[in-house]
1. Could you give the dipole magnitude of chain B about its Cα centre, charging the beta-carbon of Lys and Arg +1 and that of Asp and Glu -1, in debye to the nearest 20?
2. Once you average over the residues of B:31-38, how many Cβ atoms of partner chains fall within 10 Å of each Cβ?
3. Measuring from label point to label point, each 7 Å out along Cα→Cβ, what is the A:GLN80 to B:THR20 span in nm?
4. Assign unit charges at the C-beta atoms only (+1 for Lys and Arg, -1 for Asp and Glu), then state the dipole size of chain A relative to its Cα centre in Debye, rounded to the nearest 20.
5. Between A:VAL50 and B:ARG85, how high is the FRET efficiency from 1/(1 + (r/R0)^6) when r is the Cβ-Cβ distance and R₀ = 30 Å? Nearest 0.05.
6. About its Cα centre, what dipole magnitude does the protein assembly as shown give when the only charges are +1 on Lys and Arg Cβ and -1 on Asp and Glu Cβ, stated in debye to the nearest 20?
7. Please give the average number of partner chain Cβ atoms lying within 10 Å of the Cβ of each residue in B:103-111, rounded to a whole number.
8. How far apart, in nm, are two points set 7 Å out from the Cα along the Cα-to-Cβ line at A:GLU15 and at A:ILE109?
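Since every read-out is calculated from the coordinates, none of them should be taken as a lab result. Quick caveat, the model's predicted, so the values are computed rather than measured. So basically every Cβ, Gly included, is an ideal-geometry build from the backbone, and we count neighbours across all protein chains shown.
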Amino acid sequence: TQLLEQSPQFLSIQEGENLTVYCNSSSVFSSLQWYRQEPGEGPVLLVTVVTGGEVKKLKRLTFQFGDARKDSSLHITAAQPGDTGLYLCAFNSGGGADGLTFGKGTHLIIQP
Amino acid sequence: DAGVIQSPRHEVTEMGQEVTLRCKPISGHNSLFWYRQTMMRGLELLIYFNNNVPIDDSGMPEDRFSAKMPNASFSTLKIQPSEPRDSAVYFCASSLVGGSGANVLTFGAGSRLTVL
């Protein structure tokens, strides 16, 4: 059973288009993290969302944490080829020192 | 800081051979994590250490897998004997845990293991 369901699994769009990817669960989280992983590299943290309803912006990326803290979304405006990668959401499975549990991610390809 | 350093980056071995993957965490970080990534299963947590002590190894698939952290700057993940189904990318990550904040991981570039 996947605790975090990410959708879509794969997405390929043209440069300049907008897109939204989702991270859903039936569980409530104290916080949620988004990572981006490029081919041949490890995941890199993009953002941590903590408060229900919180919206964080990172240039063309907008992250939202659901009011009930069960889901999150990532919206990219005017996608660029450099946005290509695997987008992963993750949560702390236990206390602060525990490892993160990851969703399977959304594979995003931005075509020039 | 050079980040989390993993070696080797690529390893190809034959079934039955012993494989040792190495990790140097970020200096000052007090937690270290080993993950395995495959297309089918995504990123799976295998084991993690806090202050060099193994805390949770419930993700280790079977007794063929073992991990050690002899000091704060070095950890190994060993597979003996290796099997083709162990083929995956193995990531090491470290973090500084403290306070009430979320645990933020810094990952290495991974070790791609192919077992023939």
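1. On the way: 10 positive and 11 negative charges, 52 e Å.
It works out to roughly 240 debye.
2. Partner Cβ neighbours, averaged per residue: 3.
3. 4.4 nm
4. 180 debye
5. My answer for the efficiency is 0.20.
6. Details: 18 positive and 21 negative charges, 69 e Å.
Magnitude of the dipole: close to 340 debye.
7. Details: counts 14, 8, 10, 4, 7, 2, 3, 5, 0.
Neighbouring Cβ atoms belonging to other protein chains average 6 per residue here.
8. Result: 1.6 nm between the two label points.
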